[in-house]
Amino acid sequence: MPTPLLNLCPCGSLRPYPDCCQPYHQQRLPAPTPEALMRSRYSAFVLALRDYLQAS
Ligand SMILES: [Zn+2]
């Protein structure tokens, strides 16, 4: 059984994490909008990605 809930981005977008904030966290893409940046910072906080929070 797939468990899609586990893959949802924690920022609340209801999109899969790899299609949402993960590229920003891995710094492969800059967040394109202030809202995306806010979401990526929130999900980084939820995921305890301290490096991302300090870098942005
Ligand atoms: Zn997200």
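Points worth noting:
- Each Lys and Arg contributes +1 and each Asp and Glu -1, all at the Cβ; summed about the Cα centre of the chain, the dipole is approximately 40 debye.
- Distance distribution P(r), the stretch 4-55, all Cα-Cα pairs, bin width 10 angstrom from 0: 29, 62, 9 percent.
Bear in mind these aren't lab numbers, they're just calculated from the coordinates by the rules spelled out. If you're wondering where the values come from, they're calculated on a predicted model, not measured in any experiment. A quick note on method: Cβ atoms are made from the backbone with ideal geometry, for glycine too, and the neighbour counts reach across all protein chains shown.
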